[in-house]
Structure formats: structure tokens, C-alpha cells
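Visitor: Have a look at the structure that comes next, please.
The values are calculated or read from the model by the stated rules, or taken from the named source; none is laboratory data. Small disclaimer: the values here were computed from a predicted structure and weren't measured. Ideal geometry is used to build each Cβ from the backbone, glycine not excepted, and the neighbour counts take in all protein chains shown.
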Amino acid sequence: MSSHFLTQQDPYTLYDLTQWTVSELKHINQQLEGSSPQLVLRWGFEHFGPDIVQATGFGPEGVALMHMIAEIRPETRIFYLDTALLFPETYALRDELVRRLGVRLERVATGLSLEEQTKKYGEALWQSDPDSCCYLRKVTPQREYLGGYRAWITGIRRDQTIFRANAGLVEWDTTNKMVKLNPLAAWTSQQVWDYIHTHNLPYNPLHDKGFPSIGCWPCTRAVKPGEDPRAGRWSGQKKTECGIHLKPDYEI
Ligand code: SF4
């Protein structure tokens, strides 16, 4: 692929060029289509430098991206949403990744403790009103955190859900008003796992126990053979996404 923006030498002169229109971003996305995740990441780093951040929930996609980022630009900030309801295995994986990859992880969380949430909204808000629970514990803290950046990197893939089917490698995030990179958008789950195994990266042991997608423990169950990989998330509820990746992000 040859594109002028990948050949710029001084990334700092490019910051003023990041006020792209939506149609320009679409064009850039088309140019990047078919590129490796590493090339998409390099494009992001060249254009945003310290103003781009990776989001991870410690799934295999996040781990693979973290490894790529550690090799390309190790000083990149990486954040995770600590709802205080993650599995112990997830917290252990977090610590292992910091040890193994030396990544710069930042914890993002609401100031509302679980006890305060219960007092204010009642027991087990994740059962009575999971949208509000996600909004309080994930969506709001993330939006506040992202306000300090100009671009973010996610591990979403197009074949994960219908809401993600049109995800671009690079796109305008209308909700957060910033550029969003999805370097693994075109990858399959198998490609992600191949990457994990090829590089001998750690992963959440719950994946080997029937949990293909892992979130907070009250809202995650193991799936049965043949079930959709995300059937274990908010099982029994209409909800399929926590809200941090929902439309209108893909309306460009
Ligand atoms: S995934 Fe469940 S427990 Fe976690 S924030 Fe959302 S509703 Fe609450």
C-alpha cells in the first residue's frame, strides 16, 4: 500500500492535520483496508503520538494489540475499565501482562462504590437495570477519560456482533468526538488466537472453560457448544453491548 500519510517523517508536524472531515476519514479507511493491524497502529501513532490511547478489557484481541503496541510504541497509554466486578482471573491476567510486556496500564473507574450504588439504586443493579449499571460503571468513566485524548484504539472485530459489522479500521467516533482505530476489525477470532499462541502470550484461563467473551462476573456465563460466542454476556437480557461501542459510532 502506498499512501502519503504513511511516509511523513515528523509526526509532530502532523498534529494540525488531524482535523479530518468524516469523508476524509472514510477515504483514509479505504486506503488502509487490507493493511496489517501493525500498519494501522503505526498510522495512528504517526498522526497522534501521545494523544492516542488503547482501551482493553483483557480479551484475546486486547492482549494481541497490547503486544503489538509494546513492540511499536511501548510508551503508549493503555486503559481498562475497572467496574470492581471483574473476575479474579482478569485481574491476575492484568498483572501478568504488566510483568510480561511492561505495558503502561491505567485503571479507569467510577467514583461510585458498589455499596453506594446499592444504596442509591438498589441491590444488583446489573439485574434490574443493566443499561444503567453499564452506564454508571463503564460508559461514563470511559467518556470522561477519553476526553483527554484525540484518538483511541479498540480490539473490536466485525464478526463479533451485528453492531460491529461495519467497523472501519479508522473511523470517526461521533459519541466521543475523536478518531477511533479498530486495527483488528477484519481479523477472525482464529487469527487472534493464532497470534496469541505464536507469541506465547498469556490469556484469561476462563477462555479454556467455556467463556469466549468475558466481562463482569455478574453478567458473564460459560456458553454451551454451538452457542454464539457472546451468548454468555448478559444472558437472558436483550442487552448485547455495554454501550461503549454502540452506534452512532458507525454512522460515518
Ligand atoms: S457488565 Fe454487568 S456488572 Fe458490569 S457494568 Fe455492565 S451491567 Fe454492571
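Visitor: What are the pairs, 6+ residues apart or on separate chains, where a residue within the range 120-149 that is under 11 Å from Gly243 (Cα atoms) and of a type in the set (Ser, Thr, Tyr) has its Cβ under 9 Å from a residue that is more than 8 Å from the ligand (Cβ to nearest atom) and part of a helix (DSSP H, G or I)?
Guide: Close Cβ pairs (under 9 Å, with a partner that is more than 8 Å from the ligand (Cβ to nearest atom) and part of a helix (DSSP H, G or I)) amount to Ser132/Tyr121.
Visitor: If you scan the range 147-164, which residues turn out to be touching a helix residue (DSSP H, G or I) at 6+ places or on another chain (Cβ under 6 Å) and assigned to a loop (DSSP other than H, G, I, E, B)?
Guide: Residues satisfying the conditions are Tyr149, Arg150, Gly155, Ile156, Arg158.
Visitor: I've got another one for you. Does any residue of the range 233-247 turn out to be in a loop (DSSP other than H, G, I, E, B), touching a residue at least 24 places away in the same chain (Cβ under 8 Å), more than 16 Å from the ligand (Cβ to nearest atom) and of a type outside the set (Ser, Thr, Tyr)? Outline the logic, then answer.
Guide: Here is the first cut: in the range 233-247, the residues in a loop (DSSP other than H, G, I, E, B) are 234-247.
From what is left, the residues that are touching a residue at least 24 places away in the same chain (Cβ under 8 Å) are 234, 237, 239-247.
Cutting the leftovers down to more than 16 Å from the ligand (Cβ to nearest atom) gives us 247.
The next check asks that each one be of a type outside the set (Ser, Thr, Tyr); those that pass are 247.
Checked against the condition, which is being in a loop (DSSP other than H, G, I, E, B), touching a residue at least 24 places away in the same chain (Cβ under 8 Å), more than 16 Å from the ligand (Cβ to nearest atom) and of a type outside the set (Ser, Thr, Tyr), the range 233-247 yields at least one hit.
Visitor: Right, here's the next one. Kindly evaluate Leu105 against the criterion of being touching a residue at least 12 places away in the same chain (Cβ under 8 Å), closer than 21 Å to Thr56 by Cβ and within 9 Å of the ligand (Cβ to nearest atom).
Guide: Values: touching a residue at least 12 places away in the same chain (Cβ under 8 Å): yes; closer than 21 Å to Thr56 by Cβ: yes; within 9 Å of the ligand (Cβ to nearest atom): no.
No: the conditions fail for Leu105.
Visitor: Between residues in the range 23-34 that are free of Cβ contacts under 8 Å to residues at least 12 places away in the same chain and assigned to a helix (DSSP H, G or I) and residues that are surrounded by 12 or more Cβ atoms within 10 Å (Cβ to Cβ) and not hydroxyl-bearing (Ser, Thr, Tyr), which pairs lie under 9 Å by C-beta distance while being six or more apart or on different chains?
Guide: If the second residue must be surrounded by 12 or more Cβ atoms within 10 Å (Cβ to Cβ) and not hydroxyl-bearing (Ser, Thr, Tyr), the pairs left are Ser23/Ile252; His27/Trp20; Gln30/Gly168.
This table checks each residue for (1) aromatic (Phe, Trp, Tyr); (2) modelled with pLDDT under 95.
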position: Thr13; (1), (2): no, yes
position: Asp16; (1), (2): no, yes
position: Pro37; (1), (2): no, no
position: Leu41; (1), (2): no, no
position: Ala64; (1), (2): no, no
position: Arg73; (1), (2): no, no
position: Tyr80; (1), (2): yes, no
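Visitor: Looking for something within 14 Å of the ligand (Cβ to nearest atom), under 16 Å from the mean Cα position of the chain (by Cα) and buried (at least 20 other Cβ atoms within 10 Å of the Cβ) - is there at least one such residue anywhere in the range 117-128?
Guide: no
Visitor: Right, another one. Could you tell me whether the range 179-200 includes any residue that is hydroxyl-bearing (Ser, Thr, Tyr), at pLDDT 95 or above and either over 21 Å from Pro37 (Cα atoms) or surrounded by 19 or more Cβ atoms within 10 Å (Cβ to Cβ) (or both)?
Guide: Yes: the range 179-200 contains one or more residues that are hydroxyl-bearing (Ser, Thr, Tyr), at pLDDT 95 or above and either over 21 Å from Pro37 (Cα atoms) or surrounded by 19 or more Cβ atoms within 10 Å (Cβ to Cβ) (or both).
Visitor: Same structure, new question: Of all residues in the range 63-88, which are out of contact with any strand residue (DSSP E or B) (no Cβ under 8 Å at 6 or more places or on another chain), within 26 Å of Tyr135 (Cα to Cα) and surrounded by 18 or more Cβ atoms within 10 Å (Cβ to Cβ)?
Guide: Within the range 63-88, the first condition is being out of contact with any strand residue (DSSP E or B) (no Cβ under 8 Å at 6 or more places or on another chain), and the residues that meet it are 63-64, 67-68, 70-73, 84, 88.
Subsequent filtering for residues that are within 26 Å of Tyr135 (Cα to Cα) retains 63, 84, 88.
Val63, the sole residue that qualifies.
Visitor: I'd like to check something: does the range 137-146 contain any residue that is within 16 Å of the ligand (Cβ to nearest atom), of a type in the set (A, V, I, L, M, F, W, C) and in a helix (DSSP H, G or I)? Spell out how you get there, then give the answer.
Guide: Restricting attention to the range 137-146, the residues satisfying the condition of being within 16 Å of the ligand (Cβ to nearest atom) are 137-145.
Among the residues that remain, those that are also of a type in the set (A, V, I, L, M, F, W, C) are: 139.
Next, from what is left, pick out any that are in a helix (DSSP H, G or I): 139.
Yes, the range 137-146 has at least one match.
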